[in-house]
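What follows is a single structure, written as structure tokens, with notes after it.
Throughout, read-outs are computed from the coordinates displayed, never taken from laboratory work. Predicted, not measured: the structure shown is a model, and the values here were computed from it. Heads up, the Cβs are rebuilt from the backbone with ideal geometry, glycines too, and the neighbour counts pull from every protein chain shown.
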Amino acid sequence: MQTTLVQRLIIAFCLLATIGVPLASVLPSSASSTNGYRWAVKQTPFTVMAGENLTGEWSGIMQTAVNAWDKNDTVTIKRVAGSTGAQTCSPTTGRIEICNWNYGTQEGWLGLTRLYFDDRGNRIEAATLQLNDSFFNQRNGQYNDYDARLHTMCHEMGHTIGLDHVDTTSCMNDSQYAVFNYVKPISSDFRDLQRIYKQKDSYTTVDGKQKKEKKDKKDRKKNGKKNNKKRQDSRDRASQELRESGADVEGIGTRETVTVERMADGKTVVTYITWAE
Ligand SMILES: [Zn+2]
């Protein structure tokens, strides 16, 4: 599928309109650098739960990507049961939701990550990751390929934990070549994560009890349970306190489209769109 930049921006507008919120800005791709997006965490390493709303081959691919990312010392992505329908792939506060569906070829996107920010505007409080089977399952299609699937899962997963694009052999490389060749994160990604989360927050936007040591996280099986009411209360308090501190976020990318929208309630949603060719 051939699309011009203008067409892609129009498509981006349409995609954003589907969320049903007013648009503040849609930015085309620009030079790559650190984008400053991250979850609020009081400590590292921390765990972020990723809900699996997947079918078929995707389940194993998610596990492969999770295992690859797990080699970093900063964030553990913990696979849990999904809480949304794959078609809508709605966000869940404190979590990543990962979905696959036949989202259609008309809009032209292969993978889509949305980062939902808290009231301060620079801390992720939910993320969704969508994989478009309309391309991945296309008969004789170029993306009907294991490496393309794994790259996209790995790439979008990296966005959900705060990483931007790089020009290395990492899956965070956003070139078309990378889609078929770079299927896992590399040590420089892990260093980036360390740097991104070096500064600690006084509150947290990740769901679930955060354990002190990474090893403990892996050992303990049933720590996903959480007092939702309590978390919501503390979140509300944090939101209230932070309402007036208006830190801005900017859209930065290279060969993808990155959009930033500010919602009526002051919240921000950032969308990374990986286009199919
Ligand atoms: Zn990307």
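The distance between label points at A264 and R139 comes to 4.5 nm (points 7 Å beyond Cα on the Cα→Cβ vector). Applying 1/(1 + (r/R0)^6) with R0 = 35 Å to the Cβ-Cβ distance of K209 and S188 gives a FRET efficiency near 0.70.
Distant-in-sequence amide contacts of R79, defined by a placed amide H-H separation under 5 Å and a gap of 5 or more residues or a different chain, comprise A50.
Taking the fewest neighbouring Cβ atoms within 10 Å as the starting point, the ordered list for R79, R191 is R191, R79.
Would you mind checking the pairs K42/K184; K71/K211; K184/K209; K209/K267; K78/K209 and listing those with alpha carbons more than 21 angstrom apart?
Numbers: K42/K184 27 Å; K71/K211 17 Å; K184/K209 28 Å; K209/K267 25 Å; K78/K209 12 Å.
Listed pairs above 21 Å: K42/K184; K184/K209; K209/K267.
Show me 92-99, 194-201, 183-190 ranked by packing, highest mean number of other Cβ atoms within 10 Å first. Show your work: numbers first, answer last.
Details: 92-99: 24.2, 194-201: 14.1, 183-190: 18.6.
Packing order, densest peptide first, comes out as 92-99, 183-190, 194-201.
Full extension of the segment from D167 to N67, taken as 0.36 nm per residue of separation minus the current Cα-Cα distance, would add 33.8 nm.
Scanning residues 5 or more positions from M263 or on other chains, those with amide H under 5 Å from its amide H are T268, V269, with H placed 1.01 Å from N in the peptide plane.
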